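Working notes, beginning with the structure itself.
The numbers here are math on the coordinates, done by the rules we state, and not lab data. For clarity, every value in this text was computed on a predicted model and none was experimentally measured. We place every Cβ from the backbone using ideal geometry, glycine too, and count neighbours over all the protein chains shown.
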Amino acid sequence: ARLLVVFRSGGLRLGLVYDWYAAIDLQSRILATHRRPEAEGEVLRAMCRGNLPGNGSCATMRRSAVVEVGGYDASLRARHAQGCEDWKLHLRIAERYRFGLVREVLTGYRLLPESMSGDVLQMLRSYDLVLGEMRAAHPEFGEELDAGRSEQLRWLAARAVQGGRFRQAATLVREMLAQDGRLGLSAVALLPVTVVRRLARQALPMLPRRRRLRFPIG
């Protein structure tokens, strides 16, 4: 009802309205409520940094807008890369419509180890496919897309650690080290010491060798 109030006052160019969410566990206990984006209106640039609604439950969409952009992309699942169908749909709507926002925590997003977002490597494949399409369509947002991938890697690594999937977490940290060394090093703190030692042995060959300084003899 609160989202519909925004729709009715926003005009026909308003294609999606979202609210804030609380991450909850199996017993519906609140784990976090800190994610509170403020973007509304023309949000395509912000959406390239990540899905503003955060999940498929926080967004209420105009039916005609969903039909116009072709709905959810079922081909991601066919390519064994399901997970980012909602982000892709929201991006397509953001290309053509404005977004509205209700600044209240109205949704509970349940985090379970066996949920689809818990398969972090599959989620990364899905994210990279959507990101690649956006990079081709909107090269002007390359910086935002890079920043969004870094943040996605950080979130997926945290999910892997929470689920005890330390091997997958180490794979994601290696990706982070390759993309952004400072970000990757900050994520290492999420891992157990034994995993960090193994990761360090694997990461050493990736580090650039220090160049030997040469001084002219005069």
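Determine, from the Cβ-Cβ distance of Ser57 and Ala147 and an R0 of 22 Å, the FRET efficiency 1/(1 + (r/R0)^6), rounded to the nearest 0.05.
Given R0 = 22 Å and the Cβ-Cβ separation, E is 0.35.
Can you list the residues, at least 5 places off or on another chain, whose amide H is less than 5 Å from the amide H of Ile24, using H built in the peptide plane?
Amide H neighbours of Ile24, under 5 Å, 5+ apart: Leu31, Tyr109, Arg110, Leu111.
Relative contact order of segment 1-141: what whole-number percent is it, with Cα pairs under 8 angstrom and at least 6 residues apart?
Averaging sequence separation for qualifying contacts and normalising by length gives 37 percent for segment 1-141.
Counting pairs of alpha carbon atoms under 8 Å apart in space and at least six apart in sequence, what relative contact order in percent does segment 24-92 give? The partial results should precede the final answer.
On the way: 35 pairs, mean separation 19.4, N = 69.
Computed value for segment 24-92: 28 percent relative contact order.
Lys/Arg Cβ at +1, Asp/Glu Cβ at -1, dipole of segment 60-171 taken about the Cα centre: which of Val66, Met134, Ser150 is farthest positive-ward?
Val66
For a paramagnetic label modelled at 7 Å from the Cα of Leu106 toward its Cβ, which residues of segment 7-47 fall within the zone defined by backbone nitrogen distances under 16 Å?
The answer is 7-11, 14-22, 36-41, whose backbone nitrogens lie closer than 16 Å to the label point.
Read phi for every residue in segment 73-85 and hand back ³J(HN,Hα) as whole Hz from Karplus 6.51 cos²θ - 1.76 cosθ + 1.60, θ = phi - 60°, with x for Gly and Pro.
8, 6, 5, 4, 5, 4, 9, 6, 9, 6, x, 10, 4
Averaging sequence separations of C-alpha pairs under 8 Å and six or more residues apart, then dividing by the length of segment 10-52, give the relative contact order as a whole percent.
Values: 23 pairs, mean separation 10.5, N = 43.
About 24 percent, as a whole number.
Of the peptides 19-31, 37-49, how do they stack up when ordered by the mean number of other Cβ atoms within 10 Å, highest first?
Order by mean packing, descending: 37-49, 19-31.
Compute the distance from the alpha-carbon center of segment 119-143 to that of segment 37-86, in whole Å.
13
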